[in-house]
Amino acid sequence: LCFVFSVHSVYAHVVSNDSMRIVALIDSAKAHEYQLKYALKELDSAYRLTKYTHAEQLSAKVLMEKGDLYLKNSLLAEADSNFVQARKIMDSFPKDEDYLELIRRQAVCSYFSGDYQRVLRLALEGLKDAGIQRNKSFTATFYNILGVAYLGMGDQTAALNYYLKALDIFKHLHQPDKIASVESNIGIIYQNQGNIKEAQKIGRASCRERV
């Protein structure tokens, strides 16, 4: 009988099992996102396991989810802190769609904090990285966020310009929910401008996209 085996293979199997456990803990936290203490306990367990196994990318993922959990519970400072920690880790790896999603979440958190200048900066960073990755969906997403930032700063002309850019791409990609979201933003600007006819027109279009 041969008892020779690969230590690397055994290690890979253990790491794989640990990774599955981490993902399971993340999923459990998501399923209990409005039970804050329980969800945080699951994510803290996942984070400790990522550190034990040196799974840095999964560590960033856990921090992202922890930030999102705080954000959904309106704990903005805690959310931002976790997003920042996740970003520091992700900066050490090739930038992918998860990286773009992290920037999006940071921008959303900054918006709810009322920091429109930071929203603007993050959206420009995300737009640049989305362009490098040739990710059209995120390109449109960051155009939309730029519109939100400029509207928050009182520049309706710039906001409308970026909303229209986002809308054009989302229509090309046939993403109805995102089209409806941008059309709602455009409708707000038309309403602010007193252009009721255009506001009603875009409102009807938005409703059709949501059906």
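The values are calculated or read from the model by the stated rules, or taken from the named source; none is laboratory data. Since this is a predicted model, take the numbers as computed values, not measurements. Here Cβ is always computed from backbone atoms with ideal geometry, including for glycine, and neighbour counts include all displayed protein chains. The area values use the complete protein model at the heavy-atom level, side chains included, leaving out ligands, DNA and RNA. Shrake-Rupley method; radii C 1.70, N 1.55, O 1.52, S 1.80 Å.
Among residues of the range 30-42 being in contact (Cβ under 8 Å) with a residue 24 or more places away in the chain and more than 18 Å from Q85 (Cβ to Cβ), the one that is surrounded by the fewest Cβ atoms within 10 Å (Cβ to Cβ) is Y34.
When S74, S45 are screened for being among the polar types (S, T, N, Q), open to solvent by 50 Å² or more (accessible area, probe 1.4 Å) and within 20 Å of Y34 (Cβ to Cβ), only S74 passes. Taking the criterion of being part of a helix (DSSP H, G or I) and surrounded by 15 or more Cβ atoms within 10 Å (Cβ to Cβ), the residues of the range 125-136 that qualify are E125, G126, L127, D129, A130, Q133, K136.
Within the range 147-167, the presence of a residue that is within 30 Å of L58 (Cα to Cα) and part of a helix (DSSP H, G or I) is excluded. Applying the set (1) modelled with pLDDT under 95; (2) open to solvent by less than 20 Å² (accessible area, probe 1.4 Å) to A107 leaves exactly one unmet item: (1). Among residues of the range 120-138 that are over 18 Å from L151 (Cα atoms), those with a beta-carbon under 7 Å from a residue that is among the charged types (D, E, K, R) and loosely packed, with under 15 Cβ neighbours inside 10 Å at least six positions away or on a different chain give the pairs N135/E97.
Against the conditions (1) surrounded by fewer than 17 Cβ atoms within 10 Å (Cβ to Cβ); (2) at pLDDT 95 or above; (3) of a type in the set (A, V, I, L, M), A79 satisfies every one except (1).
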